[in-house]
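J.: Below: one structure in structure tokens.
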Amino acid sequence: MSGGRSLSSEEVVLGFLEEVEPWRLLAPQFPSKVGGRPAWLSRTGLPSLPGLQCEMCRLPMAFLLQVYGPISGQDRSFHRTLFLFCCKTHECYTHNDSRCFKVFRSQVSRRNEFYPYNPPPEDEPPSDPEPDPNVLSVSGVKLCWVCGCPGNKACSRCHSVTYCGKPHQTLHWKHTHKRECGRQEAPIVTTSTFLFPESELVTEPEEEEEEEEEEEEEEDEDTKESKEEEEEEKQGADSLADALAETDLEEMAMHETEDNNMVQRFKKRIAPEPHQVVRYCRGGSPLWVSSQDIPSDQDIPPCTCGAKRIFEFQVMPQLLNSLCVDSTGASIDWGTLAVYACSASCNNDDQYCPEFIWKQDFSSDRLTQTQPS
């Protein structure tokens, strides 16, 4: 998931946050990271501005994280990164609604016009004199000073600062640009309150625990037997009305039991590494937080190329602790975010390819039970 390492389809790799030198999070290092500005992989074919807007409020989305996931043996995916964006408007976070998120995939072959053929050096490379982080090299694509997404809308006064649209132009003007506009000493790098705190995603394989899986199977059998006993008791209802009322109650109790079991399995699985914020397993299965609103195969649309999409990674609720957002009340929120990407990892005409994300929330207020303090 980082450092150019390819992964097997059977391996579950866990992602953790770590503070590193800023240069290690730049595009030539092929980082996996959370927050800050996106370290765009391909310098051309970036997502369109409408594609980077929330489908609910139509405001610009914030960069949440990117995962570097090259595919071994496939030259067109020698460098491959998935970029995840989210809305910062808390009203858009309705229950089990994924429209406040967007995910894009970018990939380039080993021999390309942007990066050297050989892996990046371990030491900090010499930098060009005062490179402009708001313009992508080679392609010359201009970026928004606030969010780092494509932005050609220039300040009408100085014409040197660009934005993705009016909302970020207004935000930047109020925050710093009103004081700096037209001044030669104005910084070319702006610390934006719109961005999330930046950290590297470092990885390690998840250790398998077969004994826990066997215990889970035993728990499932106990639950099944309990349900059968409840069914027998239900048959002794005195009237049709009583039977219907009892059925409704039992269905509610059954869903509650299933959710309790699912949450317990979730907590048990992450307990050895409670600070994991990402789980990567291309072609594997997500770790769900609820028995409800689990997508079927029909719920996951195929790629624009026609190939089936497969699970690639999920974002854990623990990440919310590090985003400097409120954990209660008016806040962005999720139980888990499951990302599905093209199984063929198509070229998509060398454009950033939109992929699919599924937001699943906890069926009840269990977030504080699953997040570390």
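The values are calculated or read from the model by the stated rules, or taken from the named source; none is laboratory data. It should be emphasised that the depicted structure is a prediction, and the values quoted were computed from it without experimental measurement. Glycine also receives a Cβ, built like all others from the backbone with ideal geometry; neighbour counts cover every protein chain displayed. Heads up: the accessible areas ignore ligands, DNA and RNA and are worked out on the full protein's heavy atoms, side chains in. Shrake-Rupley method; radii C 1.70, N 1.55, O 1.52, S 1.80 Å.
J.: Return the pair list, or none, for Cβ contacts closer than 7 Å from residues in the stretch 281-307 that are without any contact (Cβ under 8 Å) to a residue 40 or more places away in the chain to residues that are aliphatic (A, V, I, L, M) and open to solvent by less than 30 Å² (accessible area, probe 1.4 Å), at least 6 apart or on different chains.
T.: As it stands, the answer is none, since no pair meets every condition given.
Residue by residue, here is whether (1) hydroxyl-bearing (Ser, Thr, Tyr); (2) under 22 Å from Phe83 (Cα atoms); (3) modelled with pLDDT under 80; (4) open to solvent by less than 50 Å² (accessible area, probe 1.4 Å) holds:
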{"site": "Glu130", "(1), (2), (3), (4)": "no, no, yes, no"}
{"site": "Val161", "(1), (2), (3), (4)": "no, no, no, yes"}
{"site": "Leu171", "(1), (2), (3), (4)": "no, no, no, no"}
{"site": "Lys174", "(1), (2), (3), (4)": "no, no, no, no"}
{"site": "Val189", "(1), (2), (3), (4)": "no, yes, yes, no"}
{"site": "Phe196", "(1), (2), (3), (4)": "no, yes, no, yes"}
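J.: In the stretch 152-173, which residue that is assigned to a loop (DSSP other than H, G, I, E, B) and in contact (Cβ under 8 Å) with a residue 40 or more places away in the chain is nearest to the chain's Cα centre (by Cα)?
T.: Residues of the stretch 152-173 that are assigned to a loop (DSSP other than H, G, I, E, B), as a first pass: 152, 155-161, 164-165.
The next check asks that each one be in contact (Cβ under 8 Å) with a residue 40 or more places away in the chain; those that pass are 164-165.
On the way: Cys164: 21, Gly165: 24 Å.
The extreme case among them is Cys164.
J.: Mind listing whichever residues of the stretch 91-136 are assigned to a loop (DSSP other than H, G, I, E, B) and β-branched (Val, Ile, Thr)?
T.: Start the filter on the stretch 91-136 by keeping residues that are assigned to a loop (DSSP other than H, G, I, E, B), which leaves 93-100, 109-134, 136.
If the condition is that a residue be assigned to a loop (DSSP other than H, G, I, E, B) and β-branched (Val, Ile, Thr), then Thr94 is the only one that fits.
J.: Going residue by residue through the stretch 261-279, is there one that turns out to be part of a strand (DSSP E or B), modelled with pLDDT of 60 or more and within 24 Å of the chain's Cα centre (by Cα)?
T.: Filtering the stretch 261-279 down to residues part of a strand (DSSP E or B) leaves 278-279.
Filter once more, keeping what is modelled with pLDDT of 60 or more: 278-279.
Now drop any that are not within 24 Å of the chain's Cα centre (by Cα), which leaves 278-279.
Within the stretch 261-279, one or more residues are part of a strand (DSSP E or B), modelled with pLDDT of 60 or more and within 24 Å of the chain's Cα centre (by Cα).
J.: Check whether at least one residue in the stretch 62-81 is of a type in the set (A, V, I, L, M, F, W, C), surrounded by 15 or more Cβ atoms within 10 Å (Cβ to Cβ) and within 18 Å of Tyr163 (Cβ to Cβ), and report yes or no.
T.: If we filter the stretch 62-81 for residues that are of a type in the set (A, V, I, L, M, F, W, C), which is where we start, we get 62-65, 67, 71, 78.
In the following step, the residues that additionally are surrounded by 15 or more Cβ atoms within 10 Å (Cβ to Cβ) were identified as 62-65, 67, 71, 78.
Then keep just the ones that are within 18 Å of Tyr163 (Cβ to Cβ); that gives 62-63.
There is at least one residue in the stretch 62-81 that is of a type in the set (A, V, I, L, M, F, W, C), surrounded by 15 or more Cβ atoms within 10 Å (Cβ to Cβ) and within 18 Å of Tyr163 (Cβ to Cβ).
J.: Follow-up. Keeping to the stretch 333-351, report how many residues are touching a residue at least 60 places away in the same chain (Cβ under 8 Å) and either open to solvent by less than 10 Å² (accessible area, probe 1.4 Å) or assigned to a strand (DSSP E or B) (or both).
T.: So the count comes out to 6.
J.: Now, a different point. From the set of residues in the stretch 20-45 that are under 19 Å from the mean Cα position of the chain (by Cα) and open to solvent by 30 Å² or more (accessible area, probe 1.4 Å), which is nearest to Asn321 (Cα to Cα)?
T.: Arg37
J.: From Tyr93, Tyr115, which residue is closer than 24 Å to Ser331 by Cα, of a type in the set (Ser, Thr, Tyr) and either out of contact with any strand residue (DSSP E or B) (no Cβ under 6 Å at 6 or more places or on another chain) or in contact (Cβ under 8 Å) with a residue 60 or more places away in the chain (or both)?
T.: Details: Tyr115 fails: closer than 24 Å to Ser331 by Cα.
Every option except Tyr93 fails the conditions.
J.: Could you tell me which residue of the stretch 46-61 is least open to solvent (accessible area, probe 1.4 Å), considering only residues that are free of Cβ contacts under 8 Å to residues at least 60 places away in the same chain, closer than 19 Å to Cys144 by Cα and not hydrophobic (A, V, I, L, M, F, W, C)?
T.: Gln53
J.: From Pro38, Pro31, grab the single residue that is touching a helix residue (DSSP H, G or I) at 6+ places or on another chain (Cβ under 7 Å), part of a loop (DSSP other than H, G, I, E, B), under 26 Å from Gly284 (Cβ atoms) and not small (Gly, Ala, Ser).
T.: Step by step, each of Pro38, Pro31 is checked, and only Pro31 is touching a helix residue (DSSP H, G or I) at 6+ places or on another chain (Cβ under 7 Å), part of a loop (DSSP other than H, G, I, E, B), under 26 Å from Gly284 (Cβ atoms) and not small (Gly, Ala, Ser).
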